[in-house]
Structures are given as C-alpha cells and as structure tokens.
Amino acid sequence: MVLHSLYLVAIVVEAMTAALAAGRRDMDWFGVCVLGCVTALGGGTTRDVLLGNHPLSWVAHPSYLLITAGAALATVFAARYMHHLRRVFLFLDAVGLVVFTVIGCNIALGLGVPLLIVIVAGMITGCVGGVLRDVLCNDVPLLFRSELYASVSVVTGGLYVGGLALALPHDLVMACALGIGLSLRLLAIRFGWNMPTFHYTRDLH
Amino acid sequence: MVLHSLYLVAIVVEAMTAALAAGRRDMDWFGVCVLGCVTALGGGTTRDVLLGNHPLSWVAHPSYLLITAGAALATVFAARYMHHLRRVFLFLDAVGLVVFTVIGCNIALGLGVPLLIVIVAGMITGCVGGVLRDVLCNDVPLLFRSELYASVSVVTGGLYVGGLALALPHDLVMACALGIGLSLRLLAIRFGWNMPTFHYTRDLH
Amino acid sequence: MVLHSLYLVAIVVEAMTAALAAGRRDMDWFGVCVLGCVTALGGGTTRDVLLGNHPLSWVAHPSYLLITAGAALATVFAARYMHHLRRVFLFLDAVGLVVFTVIGCNIALGLGVPLLIVIVAGMITGCVGGVLRDVLCNDVPLLFRSELYASVSVVTGGLYVGGLALALPHDLVMACALGIGLSLRLLAIRFGWNMPTFHYTRDLH
C-alpha cells in the first residue's frame, strides 16, 4: 500500500534529521540511534499511549526500531554528503509530516473517538516526535516557532476527516488532504510564511 | 456542581498563565494554544495515563481542548490588560491548584488504588501541568522551587483523603480541604514562605 | 529473593544520586523527593506505560515511593559525607543499572512481547530514569554521552534473553548477564571507555 511505503520513507527521514540534531550536541553513536528512534516513532507512540491503543506499533513490529536506528547510524557516515541534499530532505520531511498526520487520523478513526480528537491524534502523530527531539536536545521545541509546521498538520487532518465525514471516496480524500497539506508546507518554506508570534515581557508573578 | 464549575475556571486560568509563558519565549499563536492545552490538561492526562484510566477526560470531552486553546489565544490579545489583574490571577491559580488536587483524588478513589496513591494522584493532577509547561519552555520546573506549591497540594489531598477515611460527610471534608489548602497557599505567597532548599556543589562523578 | 533485595538497593542509590543533582540546582526539599522518586521509578514506569502493563509497580506497592522519597531526603543531610563514598556509589549505580535491566527484561518476557522488545524494555528500565532526571534538571541527558551506560544495559539484556532462548538454566543465565554487564560498566568507568561520538556543525535548514 502506498501509505505504508510513504510511512517507511517518513520514519527513515525523521530518524536521519534527528541524527543530525544529535551530532550538533556531540552525542555518542548510541545516543544518535536512540534520538532517531524517539523522533521517528515518538509521535505515534504518544498518540497510542494517550488513546490507550496497545500494543504500540514498534512493539508489534520491532523492525521499525531497527530501521530507524539503522537510518540514524547511517547518517553518522553520510552526514558530509547530506548537505547537498538539503532540498530533498526538506521535501521528504514535509511528506513525512502529512503522511504521519493521515496515518494518525486513520488509527484514531478506527478507535471511534470524536472527530476533533481524530484531528488532534493526527497532529500528535505528525508533530510530537520533533518536540521530543528538541526537549532531549535541551532546545525550546522548534514546532512552536516554525513555518506553519503544526498548522499544516491540522489542515491536513481537517481535510481528511472533513472529506470522510462528507462520505467522499476514501482514496480521493486522502490524496487531496496529502496534496494540499504538502503544498501548503512547501509554499510556507519557500516564502517564509509563519504564524504571527506572541511577544510578552512582563512577569505575572 | 460547584466542583465542575471551579474546574472550568481552573483550566481557563492555567491556560492563560501558560500563554504568558509562551509569550515570553516568542512562540507563535499555535504554540500558545498547544502550551495552554498541555499546561491545563497535562496534569489530569498524566494521572490517567499512569493509572491506566481511559478514555482521558479531553478525549471524552473535546470541548475542554477548545476552551483551553481559546483561553490561551484570547490571552494574546488581553495580555496588556492582565498585569492589572495579577492578584486576581494568583488567587485563581491557587484555587486551580486545590481544585485540581481534589478532583484528582476523587478520580483515584474511584479506581480503588491505595490511599497514598490517591494523594499522589491529586498532587500529579495539581502540579504536573506546570512542570510540562516549564520543560517545554526549557526552564527548570518552578514547582521544585516555589512557595509551597506542591506541598499545598499534598496537604489538600491528605486532608481530603483523611477526612473521608474517618467517614466524615463528603461535602464538609471537601470544603475544609479546599479552604485550608487555599489559605495555606495564599499565606505562603503573602509572606514568601518556602520549603528549605538543598545546595550541593560537588560533583559525585 | 536476591534480585528483589538488589532492586531495593538500586532504587535507594538512584534516588540518592538524583538528590545530589537536585541539590546542584538548588531545589527545595520537596523537589528533592520528587526528583528522587522520578529518577528511581521512572524507568520502570515508562516501560509499563509503553507496554500497557497496569497497575504500575509503585501503584501496587506505594512503599517504593516512601523508600525513594526517604532516601532522597536523607541525602540532604548525608551529602557532606557522601563524597568520601563516591567509589561505593559508582559501584552501586552500576549494580542498579544491570539489576534494573534484568528486571525489565523479566517483566517484558512475562508479557510475551518479541525478544528485541524484551531487550529494549530492559534498556528503558535501566536508563530512562536518568534521562528524566536530566530533562527535569534542564540538562542534555548524560545517557547520550556517558561511558557505555546504555550499551551496558543492551549487552546485559542481550545476554539474558539470549541465554534463556538457548534454554540454559535461569539462575546461571541471570548471574552471567549481571556479572558480565557489571564488569563491562566498571571497566568502562575505570579506563574511560566511551562510544565514538558524532560531531556535526552545519544546519540542515
């Protein structure tokens, strides 16, 4: 199935970008692998823990751990060549965001939760991995300040859930949600679109 | 029910103070909403995940997400006027702490866990939201250094659980626990009461 | 049972070293106790939440909370004498790592998960407590940069699971896994063995 192939591409890409973040913090090879796994699989894990959906995907399919740890470790050796591929990586990272989102929505739909929670589950799947990566690297999560990243996830999930609620054909809805979400993210990167930020300097206490 | 109304006030207040913390980190509007939801609902979520109590409150009642996200977003526009209300906010934050604690104890009692765990569940409900806010803002959690915050939660939970264990009337016990806990917190703020701190400078390794 | 006694020693030692970390951050006594509990019990808690294994150990046995909080609080008063015992603590910390690992593997085996996940469960039990301690202290987790810490856990778990898979006697397998893992960790500390690290300075974005 196309979605599953895209999922495998997405976890590999997420693990590789996490490995670069680990390299910026001088982590050892083991830390690189752990950060790769946590970043690639942490979003889906958080979703399933919050929804009480056991077993987790990587518990049922341990190969996901090997794939992401392997991709992270390969990055240690391939990093010097990856800079030339940065456009490819930005593109694949955007693909991963929308694919994770649709997969997360799909799983939440299967659990019969309210539609708003389905969209939230998609967003958690798409975004939480990067938040965990940033917390473990001791950064303020980039998610909260980056080009429409989380917003793209919400739009993608909203289109997907809305289309299905209108009883439109599943494959058409999925293709539209993925395509529109991906375009929005790529346009946001290209033109530097950002959500407005909130500046506040006084102390409440 | 009074407790439920106080709960709604408490999650709104928690979301608004979290929004101000987000503003100090220049987060975008989306990050403001996420931080508001995580801070207001994160304590109860952590309690339910640890106790295996599904579905989570915001999964069963998605309106809680809308209320907290809306309160956080409204803070972006209302922040300039909130400084004049800082005493009101400190008061409502203290109300939130004891209300969250009693609600957490109540839910844990319903699950039949040991009484010590009931008190711990109340403390997790009252305090973990603020810890998550501080971790996501890349601060050392304020909880570990602030005026009797967590201690107030333990005292409130202890009075509540102890009173019920003595078979005193529920409403009386609840009112006493809320009142004494709230008074203790307000006195601690007013007079700068703090737990003693532990200073240690040598490296064990 | 020997393993249970070693477990109690291990959670006490983990709580005490966490208390020293809390002291370096000037936390108050309550924060010291919380950090002690989270560090000592957080690894097993994470494992059980991820595997959906309820009730958690400290929910079923609240005395674990009292033991770890008490050990952390005692450290506030004993810290001045502990520096002379640093070799003892490094040794007991290494014992704790391998004991936590074997216990984690054991519990995962009882849940019937794949063998790779059994080893991962052992590693989570052994290592995640320290990661939580470092995140709450606002440090980059030491795990990702320290002398074979996580690697020792994986080796210990691998030997244990591998030995049982070969149908060797349980006690022999456990003794070998604990002994070899402990020796590896002590040699790594003694000779400063480290995993190679990954340095990367360019920004992908």
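The values are calculated or read from the model by the stated rules, or taken from the named source; none is laboratory data. Keep in mind that this is a model prediction, so the values were computed, not measured. With ideal geometry, Cβ positions are generated from the backbone for all residues, glycine too; neighbour counts draw on all protein chains shown. Just so you know, the surface numbers come from the protein's heavy atoms only, side chains and all, with ligands and any DNA or RNA stripped out. Shrake-Rupley method; radii C 1.70, N 1.55, O 1.52, S 1.80 Å.
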Among the residues of region B:10-23, is any away from chain A (no Cβ under 11 Å) and either over 24 Å from B:Thr156 (Cα atoms) or polar (S, T, N, Q) (or both)? no
Counting only residues that are among the hydrophobic types (A, V, I, L, M, F, W, C) and open to solvent by 40 Å² or more (accessible area, probe 1.4 Å), which one in region B:1-29 is farthest from B:Thr101 (Cα to Cα)? B:Trp29
Any residue at all in region C:36-46 that is open to solvent by 50 Å² or more (accessible area, probe 1.4 Å) and on the phi < 0 side of the Ramachandran plot? no
May I ask you to list the residues in region A:43-62 that are more than 14 Å from chain B (Cβ to nearest Cβ) and either over 28 Å from A:Gly23 (Cα atoms) or in contact with a helix residue (DSSP H, G or I) (Cβ under 8 Å, 6 or more places away or on another chain) (or both)? A:Gly44, A:Pro55, A:Ser57, A:Trp58, A:Val59, A:Ala60, A:Pro62
Count, please, the residues in region C:73-103 that happen to be hydroxyl-bearing (Ser, Thr, Tyr) and closer than 17 Å to C:Leu143 by Cβ. 1
Do we have any residue at all in region A:66-78 that's within 11 Å of chain C (Cβ to nearest Cβ), out of contact with any strand residue (DSSP E or B) (no Cβ under 6 Å at 6 or more places or on another chain) and within 30 Å of A:Leu109 (Cα to Cα)? yes
Please work out if A:Val88 is open to solvent by 20 Å² or more (accessible area, probe 1.4 Å), at pLDDT below 90, on the phi < 0 side of the Ramachandran plot and among the β-branched types (Val, Ile, Thr). yes
Of everything in region A:53-77, what is out of contact with any Phe, Trp or Tyr (no Cβ under 8 Å at 6 or more places or on another chain) and open to solvent by 30 Å² or more (accessible area, probe 1.4 Å)? Give them in sequence order. A:Asn53, A:His54, A:Pro55, A:Ala60, A:His61, A:Ser63, A:Leu66, A:Ile67, A:Gly70, A:Ala74, A:Phe77
With respect to the numbered conditions (1) touching a Phe, Trp or Tyr at 6+ places or on another chain (Cβ under 8 Å); (2) open to solvent by 40 Å² or more (accessible area, probe 1.4 Å); (3) more than 9 Å from every other protein chain (Cβ to nearest Cβ), which one is the sole condition not fulfilled by B:Tyr81? (1)
Go through (1) open to solvent by 30 Å² or more (accessible area, probe 1.4 Å); (2) touching a Cys at 6+ places or on another chain (Cβ under 6 Å) and name the single condition C:Thr197 misses. (2)
Given the condition crowded, with 23+ Cβ neighbours inside 10 Å and without any contact (Cβ under 8 Å) to a residue 60 or more places away in the chain, answer yes or no: does some residue in region A:91-109 qualify? yes
Only one of A:Leu66, A:Leu41, A:Leu20, A:Leu73 is within 24 Å of C:His54 (Cα to Cα) and part of a helix (DSSP H, G or I). Can you tell me which? A:Leu41
